[in-house]
Amino acid sequence: MDFRTIAFVASGHDEAQKALARLQAAYRHVTPEQADIIIALGGDGFMLETLHRYMPQSVPIFGMNRGSVGFLMNAYEERGLLERLQRAEPIGLNPLQMRVVDTHGRHFRALAINEVSLWRETRLAAKLRIEVDGVVRMPEMICDGVLVATPAGSTAYNVSVNGPILPLGARVLALTPISVFRPRQWRGAILPHHVHVSIRVLNPELRPVSATADYTEVRHVDHVVVCEDSAIVLKLLFDPEHDLEERIIKEQFLL
């Protein structure tokens, strides 16, 4: 991959900050606003922050793992970094757009790289109605909540509530219930990436629900529409030997 200038950013953890100092001493670098490629040092959470922060620049991001998970990160290695960047392979990600109307009629929008989730705000379970492209698929679901996850986010909160792990290039979304009470046997759905998912809160005054797109939370929700934002393409760079497909398959067999 062709590039001229690189920037380094790091999470606040000690290992990431030490790596940042060493790399900045070893390689010529510029500020992230001037860079053709950004090197992110941390874990998957920091990669998520970096993607959000520099989304308007449309700059490719190459992550190196200095965190605890690192599913979206390459292995950390200080030597030969410029050669690795030349060989790196890009993967494009589209974020989700969340459009919310709250119980006061106010409108909100936010983007999510991992997932959009709805959660009950009180001890009472949420009651939700789910439509997909205008068709009611779930007239009433009693649950703690529900989420819509991208392939990139499918290995995060989605998998912890028994949602499916999706390959990054699968062009599908996961619709996953959170602690569903009724219907008892429903475990979610895998949907085409281009659909619009509308979730309406039933009886929101008695059973209030909040909606979250990654870091943006809206409380006292009336209804939410979630869809992929195809106009925005986030570019992640991976070593050719990173083999995301193998990691995704392996993840599904972990006990």
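The values are calculated or read from the model by the stated rules, or taken from the named source; none is laboratory data. Small disclaimer: the values here were computed from a predicted structure and weren't measured. Because the Cβ atoms are built from the backbone with ideal geometry, glycine has one as well, and the counts that use them run over all protein chains shown.
Side notes on the structure shown:
- Failed criterion for K18 (all others in (1) surrounded by fewer than 14 Cβ atoms within 10 Å (Cβ to Cβ); (2) in contact (Cβ under 8 Å) with a residue 60 or more places away in the chain; (3) of a type in the set (K, R) hold): (2)
- Residue check, H196 surrounded by fewer than 16 Cβ atoms within 10 Å (Cβ to Cβ), at negative phi and either in contact (Cβ under 8 Å) with a residue 60 or more places away in the chain or not assigned by TED's automatic domain parsing to the domain that holds V136 (or both): yes
- Enumeration of residues in region 121-166 that are small (G, A, S) and buried (at least 20 other Cβ atoms within 10 Å of the Cβ): A126, G145, A149, A152, G153, S154, A156, G163
- Matching residues in region 166-186 - criterion: being within 15 Å of the chain's Cα centre (by Cα) and assigned to a loop (DSSP other than H, G, I, E, B): L166, P167, L168, G169, A170, R171
- Qualifying residue in region 240-255 (condition: assigned to a strand (DSSP E or B), in contact (Cβ under 8 Å) with a residue 24 or more places away in the chain and touching a strand residue (DSSP E or B) at 6+ places or on another chain (Cβ under 9 Å)): no
- Residues within region 155-191 that are among the basic types (K, R) and within 16 Å of W119 (Cα to Cα), tallied: 1
- Some residue of region 101-119 being buried (at least 19 other Cβ atoms within 10 Å of the Cβ), modelled with pLDDT of 95 or more, of a type in the set (D, E, K, R) and farther than 30 Å from L20 by Cα: yes
- Selected residue (criterion: nearest to the chain's Cα centre (by Cα)) from residues of region 21-40 that are surrounded by 15 or more Cβ atoms within 10 Å (Cβ to Cβ) and among the aliphatic types (A, V, I, L, M): A40
- Looking only at region 203-215, and only at residues there that are at pLDDT 95 or above and surrounded by 16 or more Cβ atoms within 10 Å (Cβ to Cβ), the one that is nearest to the chain's Cα centre (by Cα): A213
- Inclusion of D222 among residues that are assigned by TED's automatic domain parsing to the domain that holds V148, surrounded by 20 or more Cβ atoms within 10 Å (Cβ to Cβ) and charged (D, E, K, R) is not warranted.
- Members of region 123-162 found to be within 21 Å of V221 (Cβ to Cβ), over 12 Å from the mean Cα position of the chain (by Cα) and not in a strand (DSSP E or B), listed by number: R123, L124, A125, D133, G134, D144, V161
- Selection count, region 41-70, where residues are out of contact with any strand residue (DSSP E or B) (no Cβ under 9 Å at 6 or more places or on another chain) and either over 13 Å from S11 (Cβ atoms) or surrounded by 22 or more Cβ atoms within 10 Å (Cβ to Cβ) (or both): 1
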